[in-house]
1. Among 58, 38, 6, which is at pLDDT below 95 and surrounded by 14 or more Cβ atoms within 10 Å (Cβ to Cβ)?
2. Out of the residues in segment 63-82 meeting the condition of being in contact with a helix residue (DSSP H, G or I) (Cβ under 8 Å, 6 or more places away or on another chain) and outside any helix (DSSP H, G or I), tell me which one is nearest to residue 111 (Cα to Cα).
3. Just for segment 41-55: of the residues that are outside any helix (DSSP H, G or I) and surrounded by 13 or more Cβ atoms within 10 Å (Cβ to Cβ), which one is farthest from the chain's Cα centre (by Cα)?
4. Within segment 11-34, is there a residue that is more than 20 Å from residue 1 (Cα to Cα), modelled with pLDDT under 95 and under 13 Å from the mean Cα position of the chain (by Cα)?
5. Could we say that residue 22 is closer than 26 Å to residue 108 by Cα, surrounded by 14 or more Cβ atoms within 10 Å (Cβ to Cβ) and in contact with a helix residue (DSSP H, G or I) (Cβ under 8 Å, 6 or more places away or on another chain) here?
């Protein structure tokens, strides 16, 4: 797998007037992180893709378990992901921190 490299602010990385391309485990990790952050309806090419954070997550009383399950399903939607090894979530000050260890066909990574 190959994908265009993004920086920490989700901007495309350019060097020597060319877009940087990454592959393997780095591409898989970046695409997984992007997949989890994609809000439902945000992709103009497929408005049915993404997690419905504003209605399903924020509009329900399912609690942290419901949120974890939505994120887990989104991660496992990729053919390149083998399994989720561990998922830690912490809610504080209105924010949710998620750290996930993932086994992929390329190896193990963390997002």
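The values are calculated or read from the model by the stated rules, or taken from the named source; none is laboratory data. Note that the coordinates shown come from a computational prediction; the quantities given were computed from them, not determined experimentally. Note that we place each Cβ from the backbone using ideal geometry, even for glycine, and neighbour counts take in every protein chain shown.
1. One residue alone meets the criteria, 38.
2. Per the criteria, the residue is 81.
3. Here the residue is 41.
4. no
5. It is true that residue 22 is closer than 26 Å to residue 108 by Cα, surrounded by 14 or more Cβ atoms within 10 Å (Cβ to Cβ) and in contact with a helix residue (DSSP H, G or I) (Cβ under 8 Å, 6 or more places away or on another chain).
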